[in-house]
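Student: Encoded as structure tokens, here's the structure I'll be asking about.
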Amino acid sequence: MNISLGVLRKPIRTVLRWQLSATATLALAAGIVAGTDGALSAALGGAVSVIAGGVAAVVASRGGARSAGEVLIGALLAEGIKIGLIVLLLWLVLAAYAKVVVPAFIGSFVMTALIFAMAFFVRDYD
């Protein structure tokens, strides 16, 4: 299975780039304030949102929907996978990383999740 970001439409690619930029910026800021653990925590928080959003976008783009009902089912499936991944990845980081800086981790996650919602506002044409 060869999946690349090229199959994703411009709004999703744009928002994923915004998320990565925000994650890097927040990791840098958290690193300055809270050191290495703060930077890593912020990077992991952003990664949770980027990974979940990217996987959901790939799932949604793979559908060969031929009706409005199939489009809705595909969108709901993608959203369900995204939420499941978010819960799993948040739990995994909080359970496995003893020195997580929770405000940096959750703050970065929330910021990048809000950025993902902006895909609706990105134009699909060049």
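Student: Compute the long axis of helix 68-96 from its Cα atoms, compare it with the longest principal axis of the Cα atoms of the chain, and write down the angle in degrees, 0 to 90, nearest 10.
Tutor: With both axes taken from Cα atoms, the answer is about 20 degrees.
Student: Which residue fluctuates most in the GNM of the chain (Cα springs below 10 Å): Ile73, Ile83, Ile106?
Tutor: Ile73
Student: In degrees from 0 to 90, rounded to the nearest 10, what is the angle of the helix 10-61 Cα long axis to the longest principal axis of the chain?
Tutor: The angle comes out at about 10 degrees.
Student: Considering the Cα positions of the range 9-126, please state its Rg to one decimal place and its Dmax as a whole number of Å.
Tutor: In order Rg, Dmax, the Cα atoms of the range 9-126 give 15.5, 51 Å.
Student: Also: As a footprinting exposure proxy, order Thr25, Thr36, Thr14 by other Cβ within 10 Å, with the fewest listed first.
Tutor: Thr36, Thr25, Thr14
Student: Once R0 is set to 41 Å, what does the formula 1/(1 + (r/R0)^6) return for the Cβ-Cβ distance between Leu94 and Ala68, expressed as a FRET efficiency to the nearest 0.05?
Tutor: Between Leu94 and Ala68 the formula returns 0.60.
Student: Another question about this same structure. Helix 102-117 versus the longest principal axis of the chain: what is the Cα-based angle in degrees, 0 to 90, to the nearest 10?
Tutor: 20
Any read-out appearing in this document is the output of simple, stated calculations on the displayed coordinates, not a laboratory observation. If you're wondering where the values come from, they're calculated on a predicted model, not measured in any experiment. Using ideal geometry, Cβ is built from the backbone for each residue, glycine included, and neighbour counts are taken over all protein chains shown.
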